[in-house]
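Each remark here refers to the structure printed beneath this line.
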Amino acid sequence: LYHCFIHPSIASDVDGSYRGRDFKIHKANGFTPYTVFSLWDTFRGLHPLFSIIEQKRTSDILNTFLKQHQECGRLPMWELSANETNCMIAFHSVSVIADAMSKNMNGYDKHAVYEAMIAASNFTNFGIPIYNKNNFLQIEDESESVSKTLEYAYDNWCISQIAKKLNKKVDYDIYIKRAQGYKNVYDHKTGFMRPRKNGNWLSPFEPREVNNHFTEANSWQYTFFAPQDISGLINLMGGEKKFEQKLDELFTASTKTEGRTQADITGLIGQYAHGNEPSHHMTYLYNYVSKPHKTQEKVHQILTEFYKNDPDGLIGNEDCGQMSAWYVLSSIGFYQVCPGKPEYAIGSPIFDDVVIHLENGKTFEIKKQN
């Protein structure tokens, strides 16, 4: 929990003054501005955790996002002390917003935030315009094309859900179609998400190879990333039985990777890499093919073997709280596989009894029954 509360951190002085994304000094009115948004990491678990235990802070974060958009025309991608580092990929601030809105959190201008989400989806760099036109990226379009295709599809789905909530039918139709773009980089022949070149598949192809078509990962570690449409992904892979077999192969494959050395790929169970964020939802996918015992087994293994009370007690990069947030949520007994969709996948709690004291004065209790 301590690690979860280091970042994002307060960006304003005691009088509410803060340096904006336009590098001018502003005064926050009615909210506390934050900084250090490692969103490629934290959208997955940290912000969903905050949506339970830090709702006021989540509202402040959304207001910070909105102010940054107003000050420089962009929602944060990976913001640090008023600077956009352009580090990592996609525009996952829309995930944090969609998750808060899907849970009916208040304290921000919903329509203004929605317009900021639309602007993020139409940014003119990082292959976004090409993705919007073709519903996928090829290697000649953009580096890390497979990862960007998959994550852009998810972010567009997040926007579609808010369009639906705000009764914007035309927008919904556009964004829900873009959300299906993940299917365009799935190769039925190999059963993997695979780079494309000139309309064809890039050959030769080795799913264990770490290269610049993926972000800090290989095809094994990205093939299961379509959290917005798990039933569609299952169908794409040939049904529940084949999907389960593919997950089994993920966890039992050799831990050896090919290609370049990537320091972030650690905490390996087969080709599952708990030390880096793209893998974090995968243990919970067995729940979607009626094999919850396999989810429970893997979650328990990670909780008990990969987190230690030592100086090197994390199996990978903390990434501003995401590694710890996975532990906090999973130790309580559940995880949100798809932020923006307010449902939780049940796992394997390590506490007998957990009580969360919510900001509305109510308590939420989880008791382990077996």
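The values are calculated or read from the model by the stated rules, or taken from the named source; none is laboratory data. Note that this is a predicted model, so its numbers are computed, not measured. No Cβ is skipped: glycine too gets one built from the backbone with ideal geometry, and neighbour counts run over all protein chains shown. The area values use the complete protein model at the heavy-atom level, side chains included, leaving out ligands, DNA and RNA. Shrake-Rupley method; radii C 1.70, N 1.55, O 1.52, S 1.80 Å.
Only residues that are open to solvent by 10 Å² or more (accessible area, probe 1.4 Å) and either at pLDDT below 95 or assigned to a strand (DSSP E or B) (or both) were counted across the range 67-86, and they come to 3.
So, Phe50, is that one crowded, with 23+ Cβ neighbours inside 10 Å, closer than 23 Å to Leu314 by Cα and touching a Lys or Arg at 6+ places or on another chain (Cβ under 7 Å) or not? When the stated conditions are applied, Phe50 passes them. In the range 312-328 there is at least one residue matching the filter, namely being of a type in the set (Asp, Glu), under 16 Å from Thr42 (Cα atoms) and surrounded by fewer than 19 Cβ atoms within 10 Å (Cβ to Cβ). For Asn309, the stated conditions do not hold, so it cannot be described as within 27 Å of Gln161 (Cα to Cα), surrounded by fewer than 17 Cβ atoms within 10 Å (Cβ to Cβ) and out of contact with any helix residue (DSSP H, G or I) (no Cβ under 8 Å at 6 or more places or on another chain). Counting the residues of the range 85-100 that are farther than 19 Å from Thr32 by Cα and out of contact with any Cys (no Cβ under 7 Å at 6 or more places or on another chain) gives 9.
Applying the condition of being assigned to a helix (DSSP H, G or I) and within 21 Å of the chain's Cα centre (by Cα) to the range 297-318 and asking which residue is nearest to Ile350 (Cα to Cα) yields Leu303. Residue-level check: of (1) in a loop (DSSP other than H, G, I, E, B); (2) of a type outside the set (Gly, Ala, Ser); (3) under 22 Å from the mean Cα position of the chain (by Cα), Asn29 misses just (3). Scanning the range 121-178 for residues that are aliphatic (A, V, I, L, M), within 16 Å of Arg194 (Cβ to Cβ) and surrounded by fewer than 23 Cβ atoms within 10 Å (Cβ to Cβ) gives a single hit, Ile139. Are any of the residues in the range 87-104 open to solvent by 20 Å² or more (accessible area, probe 1.4 Å) and part of a helix (DSSP H, G or I)? Among the residues of the range 87-104, at least one is open to solvent by 20 Å² or more (accessible area, probe 1.4 Å) and part of a helix (DSSP H, G or I), which makes the answer yes. Being more than 26 Å from Ser147 (Cβ to Cβ) and among the polar types (S, T, N, Q) is true for just one of Thr58, Thr124. Which residue is that? After ruling out the rest, the residue left standing is Thr58.
Does Ala217 qualify as being open to solvent by less than 10 Å² (accessible area, probe 1.4 Å) and not in a helix (DSSP H, G or I)? When the stated conditions are applied, Ala217 passes them. Against the numbered list (1) among the hydroxyl-bearing types (Ser, Thr, Tyr); (2) open to solvent by less than 10 Å² (accessible area, probe 1.4 Å); (3) in contact with a strand residue (DSSP E or B) (Cβ under 8 Å, 6 or more places away or on another chain), Ser38 comes up short only at (3). Can you pull out the residues in the range 179-198 that are open to solvent by 40 Å² or more (accessible area, probe 1.4 Å) and at positive phi? Residue satisfying the conditions is Asn198 alone. Among the residues of the range 3-26, the ones that are part of a strand (DSSP E or B), over 15 Å from Pro76 (Cβ atoms) and either open to solvent by less than 70 Å² (accessible area, probe 1.4 Å) or acidic (Asp, Glu) (or both) come to 2 in all. If you go through the range 105-144 and pick out every residue that is more than 20 Å from the chain's Cα centre (by Cα) and under 30 Å from Gln55 (Cβ atoms), you end up with 8. Checking Tyr114, Tyr175 one by one, the residue that is free of Cβ contacts under 8 Å to residues at least 60 places away in the same chain, under 30 Å from Ser219 (Cα atoms) and either touching a helix residue (DSSP H, G or I) at 6+ places or on another chain (Cβ under 7 Å) or not in a helix (DSSP H, G or I) (or both) is Tyr175 and no other. Here Thr64 fulfils each of the conditions (1) open to solvent by less than 10 Å² (accessible area, probe 1.4 Å); (2) of a type in the set (S, T, N, Q); (3) over 20 Å from the mean Cα position of the chain (by Cα) apart from (3).
The requirement of being under 19 Å from the mean Cα position of the chain (by Cα), of a type in the set (Ser, Thr, Tyr) and buried (at least 21 other Cβ atoms within 10 Å of the Cβ) is fulfilled nowhere in the range 224-245; no residue meets it.
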